[in-house]
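K.L.:
Encoded as structure tokens, here's the structure I'll be asking about.
The values are calculated or read from the model by the stated rules, or taken from the named source; none is laboratory data. Keep in mind that what you see is a predicted model, and the values were worked out from it rather than measured. Note: ideal-geometry Cβ built from the backbone for every residue, glycine included; neighbour counts use all protein chains shown.
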Amino acid sequence: MSEHKIDASAGLPENAYRELKEGEKYEPILSPHKTYPEVTPYSVGWGLVMAVLFSAAAAYLGLKIGQVFEAAIPIAILAVGLSAATKRKNALGENVIIQSIGASSGVIVAGAIFTLPALYILELDVSFFQIFAASALGGFIGILFLVPFRKYFVAEMHGKFPFPEATATTEVLVAGEKGGNQAKVLVTSAIIGGLYDFIIASFGWWSEVFSTRVVGIGQTLADKFKLVFKINVGAAVMGLGYIVGLKYAAIIAAGSFVAWYVIMPVFAYLGDVITVPIGANVTMLIKDMSPEQIFSHYIRHIGIGGIAMAGLIGIIKSSSIIKQAFSLGISELFGKKINVGQKELRTQRDLSMKIISAGIFVVMILLFVFFWFGVVHNLFHAIVGLLIVLIISFLFTTVAANAIAIVGTNPVSGMTLMTLILSSIILVAVGLSGPAGMVSALIIGGVVCTALSVAGGFITDLKIGYWIGTTPLNQEKWKFLGTIVSAATVGWVIMLLNNTFGFTGNELPAPQANAMAAVIKPLMSDQPAPWMMYVAGAFMALILTSINVPALAFSLGMYLPLELNTPILVGGLVAHFVSTRSKNAALNKARQERGILIASGFIAGGALLGVISVILKSFGLDLKAVEWSESHGAEILGLVMFLILIFYMIWDSMRAKEEID
């Protein structure tokens, strides 16, 4: 069949984002009755290049701030820029494939870095093969479990889910086909944000974190009352906050503020009257702790309990979806074919249930062999590990997809924490504990975490394809290759970063992995665990849910460091400001979208040059002025530079007026 010319001049159809009326159908830009270039050496090649580059960048940023940026938007912009630079015609379908393969990077990274660095933190033996196998096999499970839910999320629920990230990415791809300057805006902001963060990381011309300790009264408040305010002044973190948006940035920050300015003073007061160490595995008196130590030993565990309960609540809310998808899968696998003589439309082709079933069986065998010979070295323990992975991954798949569809954020960390707790309890019950038990539980957690991360991210790719009109079967098949390449890249980066910095200091704090290590060590070493803190967090999540406050975002704010949540709030405030200054709705939208491009550039540029900084340091080329960068003067200069960066982002976003006029 011949390939047809793409006409994207009109953009997306009017009914792309709203619910369809009775009898109304959605007709994508690429007609389902025609064929267009999609899978080509060009699209696959560039998709793999993006997977490698963004896997390295996302791993560095995620281990540094605990947040993995979704790579879909920057990859889509780069794909548009490449097709424009090479004067490639009819590249819309190819750009979707580039984005889909390349976006494997962010989701594989999230699955790996939230769990596997804990193996290094706990000083356990770990190999590249273990990291690669856990990431790759977990990714395969995520793809295979998600495909049966594609029609429900992207077609049946058309207009009912906002899909924020998929919306932004689709708009970029369509605008690129129409023509525009999105790539130029992204490249400019990537250079600015990248150089800004590179100067901090490599030269230390100004501090990365500003705190109120720079003034005398701030130091007194921190020492006596355990009160301190801190903010990371990096470009990438602020850009992340812009994309998250004010609503969820405010909820995350609210969780952090409750932790640091409500619960922290309570502990400070108790510290004056309690004369013995209290809590699980705590040896210091509260009055002798810094605010950061109180947060680490006590408050963060409340956030962990909240995240775990939020994940459980999500499962309960998604039970009907799980049942429906399971019934459809069984029907397709064993039922009779309907309309055999009617050819299936290109835009409705998925991997068949027979292939999915066979794929799941093969991955089960590979996981079993991996667990038996590469992790636990025991037949019974390998079977137990396999069952844990399959059951939890299947149950949480819809939770991950639902979260991405509604808010663009995957609660994978909370679900993984629950997996680790359950895995540890089960493994100890079957006789596997100590260092061997910790390795096993963390590898199992890594597989589950990657599966859920990939499932959540892949629904974004499939929704983009649905809006544009590409063939979902192509995205599903080539996602496996992107997963393999991303898994290999993230394994190499994790080992490189561990050898260069380690994951327990300030340079790369790996907050999620440290949280995982803090949870699993007492469970596997017959030491007391902070169960009351977990229970308090769980009840907090229940209360928040009862008053319709997103418990996951609030809990995440409670267990991530304050200095990482405050710039996210700043980014959300900037997004709100630039999108509400005019009474012209179209102008506000144009400014907001330009801001998304700038924020994506900050994220991509800062993370990519961050990796370059790490590589330079790994070769001994450390040019950082440590003494100056840790001084109060450098902190004040950092705050000034951050304010300049904020003003630049606002100014450049507001320039979208020129494009409207």
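K.L.:
Under the condition of being assigned to a helix (DSSP H, G or I) and touching a Phe, Trp or Tyr at 6+ places or on another chain (Cβ under 9 Å), which residue from the stretch 418-430 is modelled with the lowest pLDDT? Steps first, please.
P.N.:
Going residue by residue through the stretch 418-430, those that are assigned to a helix (DSSP H, G or I) are 418-429.
Pick out the ones that are also touching a Phe, Trp or Tyr at 6+ places or on another chain (Cβ under 9 Å) and you get 418-419, 421.
Working: MET418: 71, THR419: 76, ILE421: 79.
Among those residues, the one meeting the criterion is MET418.
K.L.:
If you don't mind, another one. Give the number of residues within the stretch 355-391 that are assigned to a helix (DSSP H, G or I) and among the polar types (S, T, N, Q). Step through it out loud before you land on a result.
P.N.:
Keep residues of the stretch 355-391 that are assigned to a helix (DSSP H, G or I), which gives 355-376, 379-391.
Filter again for among the polar types (S, T, N, Q), leaving 357.
Residues flagged as assigned to a helix (DSSP H, G or I) and among the polar types (S, T, N, Q) within the stretch 355-391 amount to 1.
K.L.:
Any chance you could count how many residues in the stretch 324-367 are charged (D, E, K, R), modelled with pLDDT under 70 and under 24 Å from PHE396 (Cβ atoms)?
P.N.:
We begin by selecting, within the stretch 324-367, every residue charged (D, E, K, R); these are 332, 336-337, 343-344, 346, 349-350, 354.
Add one more test, that the residue is modelled with pLDDT under 70, and what stays is 332, 336-337, 343.
From the residues that got through so far, the ones that are under 24 Å from PHE396 (Cβ atoms) too are 332.
Summing the residues that are charged (D, E, K, R), modelled with pLDDT under 70 and under 24 Å from PHE396 (Cβ atoms) in the stretch 324-367 gives 1.
K.L.:
Scanning the stretch 488-506 for residues that are assigned to a helix (DSSP H, G or I) and small (Gly, Ala, Ser), which turns out surrounded by the fewest Cβ atoms within 10 Å (Cβ to Cβ)? First the steps, then the outcome.
P.N.:
Of all residues in the stretch 488-506, those assigned to a helix (DSSP H, G or I) come to 488-500.
The next check asks that each one be small (Gly, Ala, Ser); those that pass are 488, 491.
On the way: ALA488: 19, GLY491: 25.
Restricting to residues being assigned to a helix (DSSP H, G or I) and small (Gly, Ala, Ser), the top hit is ALA488.
K.L.:
Oh, and also: Only one of (1) free of Cβ contacts under 8 Å to residues at least 60 places away in the same chain; (2) farther than 23 Å from PRO530 by Cα is not met by LEU432, so which one is it?
P.N.:
Among (1) free of Cβ contacts under 8 Å to residues at least 60 places away in the same chain; (2) farther than 23 Å from PRO530 by Cα, LEU432 violates only (2).
K.L.:
Here's something else I'd like to know. Looking at the stretch 115-127 only, could you name the residues that are among the β-branched types (Val, Ile, Thr) and surrounded by 24 or more Cβ atoms within 10 Å (Cβ to Cβ)?
P.N.:
Initially, the stretch 115-127 is screened for residues among the β-branched types (Val, Ile, Thr), giving 115, 121, 126.
Answer for the stretch 115-127, where residues must be among the β-branched types (Val, Ile, Thr) and surrounded by 24 or more Cβ atoms within 10 Å (Cβ to Cβ): just THR115.
K.L.:
Something else about it: Quick one: which helices (runs of 4 or more DSSP H) lie wholly within the stretch 515-585 and hold at least 1 residues that are within 23 Å of ILE598 (Cα to Cα) and in contact with a strand residue (DSSP E or B) (Cβ under 8 Å, 6 or more places away or on another chain)? Give the derivation first.
P.N.:
Numbers: elements: 531-546, 551-559, 562-578.
Fully inside the stretch 515-585 and qualifying: 562-578.
K.L.:
Considering only residues that are in a helix (DSSP H, G or I) and acidic (Asp, Glu), look in the stretch 123-178 and name the one that is farthest from LYS354 (Cα to Cα). Quick ask: steps written out before the conclusion?
P.N.:
Initially, the stretch 123-178 is screened for residues in a helix (DSSP H, G or I), giving 128-156, 164-178.
Filter once more, keeping what is acidic (Asp, Glu): 156, 165, 171, 177.
On the way: GLU156: 23, GLU165: 31, GLU171: 35, GLU177: 36 Å.
Within the stretch 123-178, the match that is farthest from LYS354 (Cα to Cα) is GLU177.
K.L.:
Then there's this: Taking the stretch 223-244, which residues are of a type outside the set (Lys, Arg) and surrounded by fewer than 19 Cβ atoms within 10 Å (Cβ to Cβ)? Break it down stepwise before answering.
P.N.:
Step one: list which residues in the stretch 223-244 are of a type outside the set (Lys, Arg), which gives 223, 225, 227-229, 231-244.
Answer for the stretch 223-244, where residues must be of a type outside the set (Lys, Arg) and surrounded by fewer than 19 Cβ atoms within 10 Å (Cβ to Cβ): ASP223, PHE225, LEU227, PHE229.
K.L.:
With of a type in the set (S, T, N, Q) and surrounded by 24 or more Cβ atoms within 10 Å (Cβ to Cβ) as the only criterion, which of SER202, SER207 stands out?
P.N.:
Values: SER202 fails: surrounded by 24 or more Cβ atoms within 10 Å (Cβ to Cβ).
Just one listed residue meets the conditions, SER207.
K.L.:
How many residues are touching a Phe, Trp or Tyr at 6+ places or on another chain (Cβ under 6 Å) and buried (at least 22 other Cβ atoms within 10 Å of the Cβ) when one looks only at the stretch 364-392?
P.N.:
1
K.L.:
Can you find even one residue in the stretch 92-104 that is crowded, with 24+ Cβ neighbours inside 10 Å and either assigned to a loop (DSSP other than H, G, I, E, B) or free of Cβ contacts under 8 Å to residues at least 12 places away in the same chain (or both)?
P.N.:
Yes, the stretch 92-104 contains at least one residue that is crowded, with 24+ Cβ neighbours inside 10 Å and either assigned to a loop (DSSP other than H, G, I, E, B) or free of Cβ contacts under 8 Å to residues at least 12 places away in the same chain (or both).
K.L.:
Confirm whether VAL185 is assigned to a helix (DSSP H, G or I), over 27 Å from VAL485 (Cα atoms), in contact (Cβ under 8 Å) with a residue 40 or more places away in the chain and β-branched (Val, Ile, Thr). Steps first, please.
P.N.:
Values: assigned to a helix (DSSP H, G or I): yes; over 27 Å from VAL485 (Cα atoms): yes; in contact (Cβ under 8 Å) with a residue 40 or more places away in the chain: yes; β-branched (Val, Ile, Thr): yes.
Yes: the conditions hold for VAL185.
K.L.:
Just wondering, is there one or more residues in the stretch 462-475 that are within 17 Å of PHE128 (Cα to Cα), of a type outside the set (A, V, I, L, M) and at pLDDT below 90? Even if it seems obvious, please write down each step before you answer.
P.N.:
Narrowing the stretch 462-475 to residues within 17 Å of PHE128 (Cα to Cα): none.
No, there is no match, as no residue in the stretch 462-475 is within 17 Å of PHE128 (Cα to Cα), of a type outside the set (A, V, I, L, M) and at pLDDT below 90.
K.L.:
Follow-up question, since we're still on this one. Residues that are farther than 22 Å from ALA455 by Cα and modelled with pLDDT of 85 or more: does the stretch 59-69 have at least one?
P.N.:
No: the stretch 59-69 contains no residue that is farther than 22 Å from ALA455 by Cα and modelled with pLDDT of 85 or more.
K.L.:
Return the total of residues in the stretch 261-294 being among the aromatic types (Phe, Trp, Tyr) and either surrounded by fewer than 19 Cβ atoms within 10 Å (Cβ to Cβ) or under 30 Å from ILE596 (Cα atoms) (or both). Steps first, answer last, please.
P.N.:
Taking the stretch 261-294 and keeping what is among the aromatic types (Phe, Trp, Tyr), we get 261, 267, 269.
Add one more test, that the residue is either surrounded by fewer than 19 Cβ atoms within 10 Å (Cβ to Cβ) or under 30 Å from ILE596 (Cα atoms) (or both), and what stays is 261, 269.
Of the residues in that region, 2 qualify.
K.L.:
Do we find that TYR60 is part of a helix (DSSP H, G or I), in contact with a Gly (Cβ under 7 Å, 6 or more places away or on another chain) and farther than 19 Å from GLU165 by Cβ in this structure?
P.N.:
Details: part of a helix (DSSP H, G or I): yes; in contact with a Gly (Cβ under 7 Å, 6 or more places away or on another chain): yes; farther than 19 Å from GLU165 by Cβ: yes.
So TYR60 passes the test.
K.L.:
Still on this structure, please answer the following. Determine which single condition VAL52 fails, assuming it passes every other condition in (1) at pLDDT below 80; (2) among the aliphatic types (A, V, I, L, M); (3) surrounded by fewer than 21 Cβ atoms within 10 Å (Cβ to Cβ).
P.N.:
VAL52 satisfies all of (1) at pLDDT below 80; (2) among the aliphatic types (A, V, I, L, M); (3) surrounded by fewer than 21 Cβ atoms within 10 Å (Cβ to Cβ) except (1).
K.L.:
I've got another one for you. Taking the criterion of being at positive phi and surrounded by fewer than 20 Cβ atoms within 10 Å (Cβ to Cβ), would at least one residue in the stretch 543-551 satisfy it? Show your work before the answer.
P.N.:
Step one: of the stretch 543-551, the residues at positive phi are 548.
From the residues that got through so far, the ones that are surrounded by fewer than 20 Cβ atoms within 10 Å (Cβ to Cβ) too are 548.
For the stretch 543-551, residues at positive phi and surrounded by fewer than 20 Cβ atoms within 10 Å (Cβ to Cβ): present.
K.L.:
Do we have GLY216 as surrounded by 21 or more Cβ atoms within 10 Å (Cβ to Cβ) and either more than 30 Å from ILE286 (Cβ to Cβ) or out of contact with any strand residue (DSSP E or B) (no Cβ under 7 Å at 6 or more places or on another chain) (or both) here? Steps first, please.
P.N.:
Details: surrounded by 21 or more Cβ atoms within 10 Å (Cβ to Cβ): no; either more than 30 Å from ILE286 (Cβ to Cβ) or out of contact with any strand residue (DSSP E or B) (no Cβ under 7 Å at 6 or more places or on another chain) (or both): yes.
It is false that GLY216 is surrounded by 21 or more Cβ atoms within 10 Å (Cβ to Cβ) and either more than 30 Å from ILE286 (Cβ to Cβ) or out of contact with any strand residue (DSSP E or B) (no Cβ under 7 Å at 6 or more places or on another chain) (or both).
K.L.:
With the requirement that a residue be in a helix (DSSP H, G or I) and on the phi > 0 side of the Ramachandran plot, what does the stretch 431-487 give you?
P.N.:
Within the stretch 431-487, the subset in a helix (DSSP H, G or I) is 434-468, 472-487.
Of everything in the stretch 431-487, just one residue is in a helix (DSSP H, G or I) and on the phi > 0 side of the Ramachandran plot, namely GLY434.
K.L.:
May I pose another question? When you scan the stretch 72-87, do you find a residue that is more than 20 Å from ILE464 (Cα to Cα), outside any helix (DSSP H, G or I) and without any contact (Cβ under 8 Å) to a residue 12 or more places away in the chain, even just one?
P.N.:
yes
K.L.:
Scan the stretch 515-540 for residues that are within 21 Å of the chain's Cα centre (by Cα) and modelled with pLDDT of 75 or more and report the count.
P.N.:
Looking only at that region, the number is 2.
K.L.:
Here is a check on your reading of the model: is GLN130 modelled with pLDDT of 85 or more and surrounded by fewer than 24 Cβ atoms within 10 Å (Cβ to Cβ)? Before the answer, list the steps.
P.N.:
Working: modelled with pLDDT of 85 or more: yes; surrounded by fewer than 24 Cβ atoms within 10 Å (Cβ to Cβ): yes.
Yes, satisfied.
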